[in-house]
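Just so it is clear, none of the values below were taken in a lab; they were calculated from the coordinates. Remember, predicted model here, so these are calculated numbers, not experimental data. Here Cβ is always computed from backbone atoms with ideal geometry, including for glycine, and neighbour counts include all displayed protein chains.
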2 protein chains.
Amino acid sequence: MENEINNRDFSKIPKVVIKRLFKYHSALEKLIIDGISNVSSSELSDDVNVKASQLRKDLAYCGEFGTRGKGYEVSYLHDKLSEILGLQMEWNYILAGLGRLGRALVNYKGLVSRGFKIKAIFDISAEKIGQPYHDIMVYHIDEMQSVIQDMDIRIGLITVPADAAQSVCDKMVEAKISAILNFAPVLLKTKDKVFIERVDISREMVTLSHYLSHHECQEKD
Amino acid sequence: MENEINNRDFSKIPKVVIKRLFKYHSALEKLIIDGISNVSSSELSDDVNVKASQLRKDLAYCGEFGTRGKGYEVSYLHDKLSEILGLQMEWNYILAGLGRLGRALVNYKGLVSRGFKIKAIFDISAEKIGQPYHDIMVYHIDEMQSVIQDMDIRIGLITVPADAAQSVCDKMVEAKISAILNFAPVLLKTKDKVFIERVDISREMVTLSHYLSHHECQEKD
DNA sequence: GAATGTGAACGTTTTCACAGCA
DNA sequence: TGCTGTGAAAACGTTCACATTC
């Protein structure tokens, strides 16, 4: 697959940069809503709390989108970032584990608005299976491969308990899913080349407890 | 506040390292359950998918916990990491926004087991206010300051919609909260020195769409 | 002998500073 | 003149390799 503009290989962009590109993308969305059509690197970078030079370096991974002396055209830059981030297309996904977190994700508007579309839900609880949840059919986890067979599904979310996560991951890989967002607090291992991103709420919480333990207290009364 | 062992200042440990320390901590917990009392840097680092040299460097931020030629004593290292990560004490927190995500968090065992304890919930919906949720009282957001006045609360979680997040953040800061975990998809700004960590599910999802857009397809049938 | 702890080498990311262009 | 795009420098993080200690 070739994805280059001006010799730039988007697959080589570091993950930190991708995350910032998404911030710029979100900030640009806001500017569009506000009817602002032009923005400079320092204005945009202020909106997302980064240095202007960093914004420009980040964009340099992707191409040249601005006009010297003038800045960037908001909607043009937004479209370009959409392209690089893969947000110009629809992404179908499935979810395994219709617990509280799973339900929260199915209902999360932020995914819908970015073109992520849920196609099927999997669980093991007899009461849930067969009952559509918000119009999405719920199947037994063992049916994953056959159910998603002819759908164009490349993304799977795992919101099952930790002890079930690895087996669910294996089933997703078997079903030819190529990217997984894992919310279970375990490290998943796969033989096949699968892109796995982990979201660990305890880990984020621990950054708070570390901070509070070792930085000056605000005040003591 | 002084938090040092052998001249090491725990407040200077980079965030990436903190996150890995928590991984080691979790892996050690598993070893304890399995009854393993001694571990080498290479064994432990294999468990969490990092290089042995990195594990040792990471620990070097904190002190010297091993024995040359022998390795680390599992429970000793676990305790030391607990101390550095602030996990040896109980942390009270409050939550603003009892939506689906809020409910998922209140019920998340991973926080309880790490000593995080929810003390109050805040919302604006008349039906929710006054009805305890899982034994936690639900108050109107405007009551935050008075409600948590005499509780020892330093952490606040924000799970309200994006447009309400900044005002909730302001109220938390007013109520003397010093660390915030923000799940709303907006950048929060504060005048006071507050530690804010953001959890953004769309952002993680976009790393998947970027990956799928620009790396070789697994196969084409 | 075995495995830690750590300086030095290496690689990556951020910041600086300014050349180049509208 | 103003702001982008980019080399060069600085800061930061990771890996190597080995002296040190048990």
Shielding of B:135-148 by partners, i.e. mean partner chain Cβ atoms within 10 Å per residue? 0
For residue B:51, go through the aspartates and glutamates and keep the ones whose alpha-carbon is under 20 Å away, minus same-chain ones fewer than eight residues off. A:197, B:29, B:43, B:64, B:73
With each label point set 7 Å from Cα along the Cα-Cβ vector, what nm distance links residue A:176 and residue B:189? 4.9
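If you count, for each residue, the other Cβ atoms within 10 Å and average over each peptide, how do A:186-194, A:200-208 line up from highest to lowest? Spell out each step's value before the answer.
On the way: A:186-194: 13.7, A:200-208: 20.8.
Answer by packing, highest mean first, reads A:200-208, A:186-194.
With 10 angstrom as the radius, rank B:127, B:73, A:90 by how many other C-beta atoms surround their C-beta, starting from the fewest. Intermediate values should be presented prior to the final figure.
Working: B:127 8, B:73 16, A:90 11.
So the ranking, lowest neighbour count to highest, is B:127, A:90, B:73.
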What residue of chain B sits with its beta carbon nearest the rotation axis taking B to A, and at what distance in whole Å? B:104, 3
Can you spot the lysines whose alpha carbon is less than 20 Å from residue A:109's alpha carbon? Ignore those fewer than 8 places along the same chain. A:19, A:23, A:30, A:117, A:119
At 1.567 mPa s and 4 °C, plugging the Kirkwood radius over alpha-carbon pairs of chain B into Stokes-Einstein gives what diffusion coefficient in µm²/s? 65
With no solvent and one point on each alpha carbon, what is the Debye value of log10 I(q)/I(0) for the protein assembly as shown at q = 0.14 Å⁻¹? -1.53
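Within 10 Å of each Cβ in peptide A:98-110, how many partner chain Cβ atoms are there on average? Round it to a whole number, please.
Averaged over the peptide's residues, the number is 5.
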Taking 8 Å as the Cα distance limit and 6 or more residues as the minimum spacing, I'd like the relative contact order of region A:87-221 as a percentage. 20
Let's test this: bin the Cα-Cα distances of region B:91-202 at 5 Å from zero up to the farthest pair and state each bin's percent. 2, 12, 25, 28, 21, 10, 2, 0
Using the Kyte-Doolittle scale, which helices in chain B average at least -1.0 and also have C-alpha atoms spread 15 Å or more along the helix axis, with helices defined as whole DSSP H runs? B:15-33, B:74-85, B:162-174, B:201-214
